[in-house]
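Encoded as structure tokens, the structure appears first; notes follow it.
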Amino acid sequence: MIELIKRNSFVASSFYLVVLLALWLLGRLFLPDAAADGFAGGAIAPSSVWIGRLFEPAVSAWLACALTFVAALLLTTLNYRHVFYPTGGYLLPLLYILTAAAIPSTQWFSGAQVAATGALIGLHRLFASYKKSSGLEDLFIAAFCFSLSAICFPPALLLLLLLPAAIFLLRPATWRDWVAVFVGGALPFAFLLLFYWLSLHDIATAAGNLYALLPSLPVARPVFDLPVLIFWGVLVVTLFLSLASKAPSSAGARTKTVYIRIIFCLMLLLLSVGVILYPAYGCAPMSLCAIPVAAITAGYFASARNRHIKRLCGLLWLAAIVYLMINN
């Protein structure tokens, strides 16, 4: 079965969809009725002033499911085009789905699923600028996509801090690169400010709505129950083992693979800080954290070493998901 998933993209996509639907149905089975009352539903907070008005709560769960599947396919495309896990690419979307759909509060549309799509497109263009003599267009689109993600889901605002480090790692930076990043990152916020100003006719209120994307200080202490803490603990242990192992790569792409792995580590660090700085969103940022978690751990699970430890980690991962679904 695994060999067929590796060879046939249609079979692989169908398998990912079946796993995703199974997780979604399991979440619907054990999810409290109170979570179905609306977008916040006691589980997550509205992503921004406008995102909760676009869709009816009745379809929000299936919209989140569909966008999670699209993000999984984008992650697969990202891997094949930039060659950082040539032998374990089939694990990337599977681990992403398991992580993103594990916590029940991530199964409701919050804008995080849209932000994940934007972040993956931005990462694709960012990696495409690697060692290009002129990658201004790629950097502009990457910054633009990260800003759109932040508008849809405020914790994604921290992804903009990833761009300077990524530029230093991936390409010899020039002043034109910084101009492209600044303009691309500022343009969506300028459009949003103009929209608010034209609709409200009050620049102070428009600026206040834009300011609402920033984290609220002082930071409230996030509260996680035992099943969530166990799930986080399993992820932390697996990530530690993955980072301690050698990153797999194809010959001729080794340097780029190391750079990409560092970028995903920085991305995970920033999004983990976002969980603390945006406590009102609960576990909803897991839809974004699932991207670097999958990218970091896929190579470890695909390698031929330490098979018994990897099997144990995989079983603990699945057990933590089931326990979380039943008890959260």
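The values are calculated or read from the model by the stated rules, or taken from the named source; none is laboratory data. Treat the numbers as computed from the prediction; the structure is a model and nothing was measured. All Cβ positions, glycine included, derive from the backbone under ideal geometry; neighbour counts span all protein chains shown. Each accessible area value is taken on the protein alone, full model and side chains, heavy atoms only, with ligands, DNA and RNA left out. Shrake-Rupley method; radii C 1.70, N 1.55, O 1.52, S 1.80 Å.
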Hits in the stretch 284-319 (condition: outside any helix (DSSP H, G or I), buried (at least 17 other Cβ atoms within 10 Å of the Cβ) and either aliphatic (A, V, I, L, M) or touching a helix residue (DSSP H, G or I) at 6+ places or on another chain (Cβ under 6 Å) (or both)) = Ala284, Pro285
Which one of Ile103, Ile141, Ile151 is β-branched (Val, Ile, Thr), open to solvent by less than 20 Å² (accessible area, probe 1.4 Å) and at pLDDT 85 or above?
-> Ile151
The stretch 70-89, subset among the hydrophobic types (A, V, I, L, M, F, W, C) and surrounded by 20 or more Cβ atoms within 10 Å (Cβ to Cβ), residue modelled with the lowest pLDDT = Phe84
Of all residues in the stretch 206-256, how many are over 30 Å from Ser129 (Cα atoms) and modelled with pLDDT under 75?
-> 11
Scan the stretch 106-137 residue by residue and report those that are in a helix (DSSP H, G or I) and open to solvent by 10 Å² or more (accessible area, probe 1.4 Å).
-> Val114, Thr117, Gly118, Ile121, His124, Arg125, Ala128, Leu136, Glu137
